[in-house]
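The next block holds one structure in the form of structure tokens; read it before the comments.
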Amino acid sequence: MFNGITITSIQDAVTRLKNVKDGQEFSILLTGLRNFLKTLDTNPQYLMELEQRAYYLVNEYSDKETRDNLDSARKRVIEYLEEIMTGSPADSHLLTVLDNYYLFLESLLERPPHKRGGIQKEHLSGLKIQNEYDVQHLLYAYLKPLYPLARAEVSEDTGYGTVRTDVFLDPEHVVEVKCTRSNMKQKKLIEEIEADMVHYSAEHIYFFIYDKEKIIENPQLFRNIYENKVKGKQIHIVIHQPKIL
């Protein structure tokens, strides 16, 4: 919190930092910023980096030098937060990452581990994708190092109900995971996608479809039909049809 106002985003923190007047305000803002980053399940390394950049020397004999040191620390923190924000998903980059997801699965589950390692082939063979929750768990682990502020299963109050985002990257980019089932028809999948298009407030919605049962007969045509703008939102469709899993 900063003067009783909750920090709602990194951009909010940057704006407030630019208006900091003294060391006390800076300290209060840093406390609010730490609390906000903790709600994002941020890697502890990010908090350590924040502390290092925020540190400055107080010269009890020179208010001017203290102020100069504070300004330098404030600018370092702003630069750091802007570095984090530039890590927000650029659309083309995120699509490439999502398209390459199966390379991650192949490397993890299908590539034979080293014979001298503790992880052996029989251990990996027991790891099978059974449903949507399995896909979400692996996808989140795949995305987290690339987008450190990503969060899983974030609830959003839409005003007429609560929806849950499978993977929240930032307020404008969310990933909704779908995994087809043996008793699922393509019509049912389409109904779920069309409903989610309306519910989420993010401008960019990425539907990550793990077509385990291969019910989508023509993936390219499916993408062409549903990958478009809907009421100001940009819909992205990513389809993976597994080879072995």
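The values are calculated or read from the model by the stated rules, or taken from the named source; none is laboratory data. These figures come from a predicted structure and were not determined experimentally. So basically every Cβ, Gly included, is an ideal-geometry build from the backbone, and we count neighbours across all protein chains shown. Surface areas here come from the heavy atoms of the whole protein model, side chains and all, with no ligands, DNA or RNA. Shrake-Rupley method; radii C 1.70, N 1.55, O 1.52, S 1.80 Å.
Residue by residue, here is whether (1) at pLDDT below 90; (2) part of a helix (DSSP H, G or I); (3) crowded, with 19+ Cβ neighbours inside 10 Å holds:
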| site | (1), (2), (3) |
| --- | --- |
| Leu124 | yes, yes, no |
| Lys128 | yes, no, no |
| Leu146 | yes, no, no |
| Glu156 | yes, no, no |
| Asp166 | no, no, yes |
| Val175 | no, no, yes |
| Arg181 | no, no, no |
| Leu189 | no, yes, yes |
Unmet criterion (only one of (1) among the hydrophobic types (A, V, I, L, M, F, W, C); (2) farther than 30 Å from Asn183 by Cα; (3) open to solvent by 40 Å² or more (accessible area, probe 1.4 Å)) for Ala141: (2)
Hey, Leu98 among the hydrophobic types (A, V, I, L, M, F, W, C), at pLDDT 80 or above and open to solvent by 70 Å² or more (accessible area, probe 1.4 Å) or not: no
Any hit, region 145-164, residues being of a type in the set (A, V, I, L, M) and farther than 27 Å from Leu47 by Cα: yes
Unmet criterion (only one of (1) assigned to a helix (DSSP H, G or I); (2) in contact with a Lys or Arg (Cβ under 7 Å, 6 or more places away or on another chain)) for Ile209: (1)
Failed criterion for His236 (all others in (1) farther than 20 Å from Ser155 by Cα; (2) in a loop (DSSP other than H, G, I, E, B); (3) of a type outside the set (Ser, Thr, Tyr) hold): (2)
Flag for Arg74 being surrounded by 10 or more Cβ atoms within 10 Å (Cβ to Cβ), at pLDDT 75 or above and of a type outside the set (Gly, Ala, Ser): yes
So Ile119, is it touching a Lys or Arg at 6+ places or on another chain (Cβ under 9 Å), assigned to a loop (DSSP other than H, G, I, E, B) and among the hydrophobic types (A, V, I, L, M, F, W, C): no
